[in-house]
Amino acid sequence: MSLTWSAKDHKNMSQAAATGHKRSRNDTGNKATVVLGAQWGDEGKGKVVDLLATEADLVCRCQGGNNAGHTVVVDGKEYDFHLLPSGIINTKSISLIGNGVVIHLPGLFEEGDKNDKKGLKGWEKRLIVSDRAHIVFDFHQVVDGIQETERQATEGKNIGTTKKGIGPAYSSKASRTGLRVCDLLGDFKDFSMRFKNLVHQHQSMYPSLKVDVEDQLKQLKEYGERLRPMVRDGVYYMYEALHGSPKKILVEGANAALLDIDFGTYPFVTSSNCTVGGACTGLGIPPLNIGDVYGVSKAYTTRVGIGAFPTEQLNAEGELLQTRGHEVGVTTGRKRRCGWLDLVIVRYAHMINGFSAIALTKLDILDVLDEIKVGVAYKLNGKRIPHFPANMDVLQKVEVEYETFPGWKTDTSAARKWNDLPAKAQNYIRFIENHIGVPIKWVGVGKSRECMIQMF
């Protein structure tokens, strides 16, 4: 696509104007389907993406970095993805890492090579990387650890970061000192100088930071050459994908609504927008080209690290959900905190994202419970509050109002259609649907693709 305005373009434009044709508002091109987390992450987005990716032509990541963790099971093989879009499994589709993603190059290639050994062949030929994506350097990861230690020492608490350097890399981006993929592939002398300046800037803030600059630059040059064939101008690539032949485009959100830098439980959040706006800014897609937005929620709630968690169960039920649900973080290996489904947060996520439908996962984990509770409202000093509090001290103090349901006490893991589910499980699902005001399109009852019951 040429950046110059030719006589032919002028002629075409003049002809359209002369005939008085108004450009149809409906002629917007292809629509992107977006999959987003509706809680604090770990909802099973990878599984929903995997389901949709089997038919997608293009699967994109728009924000975050390798702080995300998606597990996909295909033919009994488990693949773990952190930076690569889950769609990379589909040999017929292209995977794109957008400009809003921060990329740790050693992490990217290590992940690709590790999955290659498990049978993920030819992934490098199916991956496209935006030239505007920022780079996470090794020292960003070290700084991430130093910051956590300092927070622990001064405030007695940390954020619970994954120490993957994501926050520091986004900080460099926001302070306009970050380096992008296009810089690495440009004049290496200029890149080296800017890299050294960035290192010095961090060393002046963190005197204990040691960086072997020459060794880092040597490695970065090698990674750059391996990356070069995959790099494209992301804006033009997305524009062609949206306005070319009919295509199924899928955007895979990382993290989740309650971890969003603006709308999440700040400061215990990630450093990017993991709500629907992040799909537009992280890929360069106009809002007009956003199609269905699917929210993913577990049938209960989990959270990793610290921060307010109103429906948390620090008791036998919480323990049961943790063990039955194998609630351990894919990226960190930390035990997840568990509690009842909180519909206040899922409704809040819907307000921001405008979900077309919801995927409810891990219903089978509730199979053994005698009774199941669902948080439907928050109270403060005995009065219901109409909104989700922004202030964390307030959120820590809320009292949750619950609806209680009888358990179905039946194994649902073999269910493959709606009618296979026990009536009490159906009631539970219908209640959630009615309370949020969004239809539930999928119900997950197990780990593999086949365990997602499609409702409509």
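The values are calculated or read from the model by the stated rules, or taken from the named source; none is laboratory data. Worth saying up front: this structure is predicted, and the values here are computed from it rather than measured. No Cβ is skipped: glycine too gets one built from the backbone with ideal geometry, and neighbour counts run over all protein chains shown. To get the accessible areas, we keep the full protein, side chains included, count just its heavy atoms, and leave off ligands, DNA and RNA. Shrake-Rupley method; radii C 1.70, N 1.55, O 1.52, S 1.80 Å.
Kindly report the accessible area of the range 323-451 per residue (heavy atoms of protein chains, probe 1.4 Å, no ligands, DNA or RNA), in Å². Could you put the intermediate results ahead of the total?
Working: 6050 Å² over 129 residues.
Per-residue value: 47 Å².
To the nearest Å, what is the center-to-center distance of the range 393-412 and the range 95-169, using C-alpha atoms only?
35
Can you give me the % of accessible surface on the range 339-456 that is carbon or sulfur? Probe 1.4 Å, all protein chains present, nothing else counted.
On the way: 2630 of 5480 Å².
Here it works out to 48 percent.
Ordering 351, 193 from largest to smallest accessible area (1.4 angstrom probe), what's the sequence? Present the calculation step by step, with values, prior to reporting the outcome.
Working: 351 140, 193 110 Å².
Largest to smallest exposure gives the sequence 351, 193.
Taking amide H atoms as placed 1.01 Å from N in the peptide plane, list the residues 5 or more away in sequence, or in a different chain, whose amide H sits under 5 Å from that of residue 104.
66, 136
Given q = 0.21 Å⁻¹, what are the Debye log10 I(q)/I(0) values for the range 24-80, with equal point scatterers placed on the Cα positions and solvent ignored?
Per q value, in the given order, log10 I(q)/I(0) is -0.94.
How about the range 362-456: which trypsin sites (Lys or Arg not before Pro) there are in a DSSP loop, with at most 16 other Cβ atoms within 10 Å of their Cβ?
Numbers: sites: 362, 373, 379, 383, 384, 397, 409, 416, 417, 424, 430, 441, 447, 449; in loops: 362, 409, 416, 417, 447.
Here the trypsin sites (Lys or Arg not before Pro) that fit, given the DSSP loop and packing criteria, are 409, 416, 417.
Please state the equivalent ellipsoid semi-axes for the range 379-425: what are the square roots of 5 times the Cα gyration tensor eigenvalues, largest first, in whole Å? Spell out each step's value before the answer.
Values: eigenvalues 267, 30, 17 Å².
Working from the Cα gyration tensor, I get semi-axes of 37, 12, 9 Å.
At 37 °C and a viscosity of 0.692 mPa s, what translational diffusion coefficient does Stokes-Einstein give for the range 51-178, taking Rh as the Kirkwood radius over Cα pairs? Give it in µm²/s as a whole number.
On the way: Rh = 15.6 Å.
Here the translational diffusion coefficient equals 210 µm²/s.
Loop only per DSSP, at most 11 neighbouring Cβ atoms within 10 Å: give me the trypsin sites (Lys or Arg not before Pro) in the range 168-271, ordered by residue number.
Numbers: sites: 173, 176, 180, 189, 194, 196, 210, 218, 221, 226, 232, 247, 248; in loops: 176, 210, 247, 248.
Listed in order of number, the matching sites are 176, 210.
Using 29 Å as the Cα-Cα cut-off, could you pick out the over-long pairs in 117/157; 45/118; 45/125; 47/409?
On the way: 117/157 39 Å; 45/118 21 Å; 45/125 24 Å; 47/409 25 Å.
Beyond 29 Å between Cα atoms: 117/157.
What are the principal axis extents of the Cα atoms in the chain, in Å, biggest first?
69, 66, 47
Please give the per residue accessible area of the range 256-318, computed with a probe of 1.4 Å over protein heavy atoms only, in Å². Working shown, then result.
Details: 1950 Å² over 63 residues.
Solvent-accessible surface per residue comes out at 31 Å².
Could you work out what % of the accessible surface of the range 260-326 is carbon and sulfur, using a 1.4 angstrom probe and leaving DNA, RNA and ligands out of the count? Mind showing how you got there, number by number?
Working: 1390 of 2410 Å².
With neighbouring chains kept in place, the figure for the range 260-326 is 58 percent.
If R₀ is 30 angstrom, what is the calculated FRET efficiency for the pair residue 182 and residue 152, using the beta carbon separation as r and rounding to 0.05?
On the way: r = 37 Å, r/R0 = 1.23.
My answer for the efficiency is 0.25.
Please turn the phi angles of the range 82-91 into ³J(HN,Hα) values with the Karplus equation 6.51 cos²θ - 1.76 cosθ + 1.60 (θ = phi - 60°), one per residue in order, whole Hz, x for glycine and proline.
10, 10, 6, x, 4, x, 4, 5, 7, 5
Between the alpha-carbon centers of the range 415-456 and the range 307-362, tell me the distance in whole angstrom.
Result: 17 Å between the Cα centres.
What list of ³J(HN,Hα) couplings, whole Hz, do you get for the range 237-247 from phi and the Karplus terms 6.51, -1.76, 1.60, once you set θ to phi - 60° and write x for glycine and proline?
These are the phi-based 3J(HN,Hα) values: 4, 5, 4, 5, 5, 6, 10, x, 5, x, 9 Hz.
Suppose only helical runs count, i.e. DSSP H with n ≥ 4. What mean residue ellipticity at 222 nm does that imply for the chain under -39500 (n - 2.57) per run, divided by all residues and rounded to the nearest 500 deg cm²/dmol?
Values: 14 runs with 153 residues, N = 456.
That calculation yields -10000 deg cm²/dmol at 222 nm.
On the Cα set of the range 286-377, report Rg and Dmax in Å, please.
Cα only, the range 286-377: 14.6, 48 Å (Rg, Dmax).
Calculate the tail of P(r) for the range 139-273: the fraction of all Cα-Cα distances greater than 26 Å, expressed in %.
On the way: 3562 of 9045 pairs.
For the range 139-273, the share of Cα pairs beyond 26 Å comes to 39 percent.
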